[in-house]
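Everything below concerns the one structure shown next.
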Amino acid sequence: MDKQSKGERYHRQTILEELGEQGQQKLLSAKVLVIGAGGLGCPVLQYLAAAGVGTIGIVDQDVVALSNLHRQVLYITSDIGLLKAERAATKLQQMNPDIRVNPYELRLDNKNALDILKAYDIVVDASDNFPTRYLVNDACCLLQKPLVHGAVSQFEGQVAVFNAVGEGGKRTANYRDLFPVPPKEGEVASCAEAGVIGVLPGIIGSLQAAEVIKLITGIGQPLVNRLQTFNFKTSDWLTLSFQPLLETAATQPANPLAFINTVYDWTCTSGNVAEINAATFQSLLAEEGITVIDVREIGEQPLLNEIEHLQIPLSQLMDHLDTITGSTIVAVCQTGKRSRQAATILANAFHSKKIYSLQGGIAAYLLSLQNK
Amino acid sequence: MTIQVNFYGQLADITGKPGLELEGVHDTQTLQQKIHADFPALITATYRIAVDKKIVTENTPFHDGATVSLLPPFSGG
């Protein structure tokens with residue numbers, strides 16, 4: 001296509017003073033990876049391709065089904081049974097031959113994610129399950145990529161921008177600052193189970209595309225440290241603010257090796273994590289094969305001299321998993337908060353061990369000793 | 001003191017209503033005790049609490065007329 005028609009394609013947005021030719025050049029140079037080519041992914045892909053985002057990756061291992069068509073508006077009836085990533089790529093390429101579209105017909109996992117994400121500037125989470133959402137979030141944090149989050153359920157949707165560069169070069173909040181621990185399996189229903197009104201992912205996906213364009217061009221204020229929600233029934237919009245938390249890093253893999261060793265498919269079933277009170281803890285101490293881990297920072301008072309234990313601060317737990325033996329593990333800390341996080345990490349790492357967190361922490365345990 | 005509590009997503013399915021007005025709860029901790037007693041299925045539900053559109057992590061006192069939002073994660077796409 002010649003230069004003039006190229007200019008004409010984007011004319012209505014380049015005449016926007018804040019975007020201009022410079023903004024268009026940024027869009028054409030940008031590389032955006034979209035995880036999921038379903039209800040959210042379709043509008044994201046369509047608007048990014050139309051806007052001239054120069055390189056678009058599409059990750060999806062599914063084929064088009066008839067029950068997708070009420071909301072996945074890139075596909076037509078004759079696409080049923082064909083791979084979504086391939087169909088989407090073909091259609092986007094027809095719509096805008098100036099851009100490059102890379103289909104990845106695979107399921108994103110902790111073995112392939114870092115390699116795929118590495119080649120892109122911005123990642124869009126348009127997936128439909130929690131394991132992928134936590135995996136993509138952690139990968140983006142490791143690779144320092146901004147993540148545009150979108151999710152829907154029945155009549156409501158959420159949008160946010162995670163892990164962008166904020167003030168002073170610090171990374172903004174990520175998904176785990178919002179929901180540190182994945183919900184238990186079955187707690188939150190998927191679209192397939194709970195249903196979704198077709199236009200809703202269209203609205204939320206369009207918002208995700210808008211956030212991507214804002215991030216690339218620098219126009220306006222992206223939804224960082226904020227979560228926007230929309231209710232189809234009431235037409236209410238609600239924007240909540242939230243902040244990065246110091247303790248979040250401890251729930252995430254700290255390096256690529258830890259990432260590869262994290263079992264994401266399991267994180268939704270934290271079934272073998274339980275909180276125990278001081279009395280139950282005391283009776284457990286008498287059992288064989290029990291390992292107590294103090295996850296407080298070194299030097300925190302009071303010291304736990306009363307019982308034999310390992311000391312591994314929560315912030316270093318991921319790196320010391322290989323030193324932990326025993327069939328039953330009890331994580332303890334000052335108040336029972338950090339140990340709960342530690343228990344989640346341990347449960348991820350050890351599927352066959354029983355994992356407990358001491359409720360009320362060492363304070364509660366020492367108090368129970370006094371009252372004995 | 002009266003506060004407005006709004007339930008989002010599947011939390012509204014648990015409580016059977018999108019929101020309710022409550023009296024006599026003065027902070028997020030007493031609110032949780034009250035709603036967990038009234039709707040036990042909330043005990044095991046994952047959600048965050050926002051007071052006047054700010055997501056809070058510690059026990060947070062309410063002022064009269066505060067709007068409290070209970071927000072679960074969504075997985076669908």
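Which ranges mark the helices (runs of 4 or more DSSP H) fully within the stretch A:43-158 that have 1 or more residues being within 28 Å of B:LEU71 (Cα to Cα) and among the hydrophobic types (A, V, I, L, M, F, W, C)?
Passing ranges, in order: A:130-143.
Would you be able to tell me the number of residues in the stretch A:316-372 that are small (Gly, Ala, Ser), surrounded by 16 or more Cβ atoms within 10 Å (Cβ to Cβ) and outside any loop (DSSP other than H, G, I, E, B)?
9
Given B:THR46, B:THR60, which one is within 11 Å of chain A (Cβ to nearest Cβ) and either without any contact (Cβ under 8 Å) to a residue 60 or more places away in the chain or more than 24 Å from A:TYR175 (Cα to Cα) (or both)?
Numbers: B:THR60 fails: within 11 Å of chain A (Cβ to nearest Cβ).
Exactly one of B:THR46, B:THR60 is within 11 Å of chain A (Cβ to nearest Cβ) and either without any contact (Cβ under 8 Å) to a residue 60 or more places away in the chain or more than 24 Å from A:TYR175 (Cα to Cα) (or both), namely B:THR46.
Step by step: first the residues of the stretch A:133-154, then only those that are within 9 Å of chain B (Cβ to nearest Cβ) and at pLDDT 95 or above, then the one that is farthest from A:ASN110 (Cα to Cα). Which residue is that?
A:VAL152
Condition test on A:GLU297, is it closer than 24 Å to B:THR57 by Cα, at pLDDT below 85 and of a type outside the set (S, T, N, Q)? Full working, then the answer.
Details: closer than 24 Å to B:THR57 by Cα: yes; at pLDDT below 85: no; of a type outside the set (S, T, N, Q): yes.
In short, no.
Could you say whether any residue in the stretch A:93-110 is touching a helix residue (DSSP H, G or I) at 6+ places or on another chain (Cβ under 7 Å), surrounded by 15 or more Cβ atoms within 10 Å (Cβ to Cβ), away from chain B (no Cβ under 14 Å) and within 22 Å of A:PHE162 (Cβ to Cβ)?
Scanning the stretch A:93-110 turns up at least one residue that is touching a helix residue (DSSP H, G or I) at 6+ places or on another chain (Cβ under 7 Å), surrounded by 15 or more Cβ atoms within 10 Å (Cβ to Cβ), away from chain B (no Cβ under 14 Å) and within 22 Å of A:PHE162 (Cβ to Cβ).
The values are calculated or read from the model by the stated rules, or taken from the named source; none is laboratory data. Since we're looking at a predicted model, the values are computed, not measured. We place every Cβ from the backbone using ideal geometry, glycine too, and count neighbours over all the protein chains shown.
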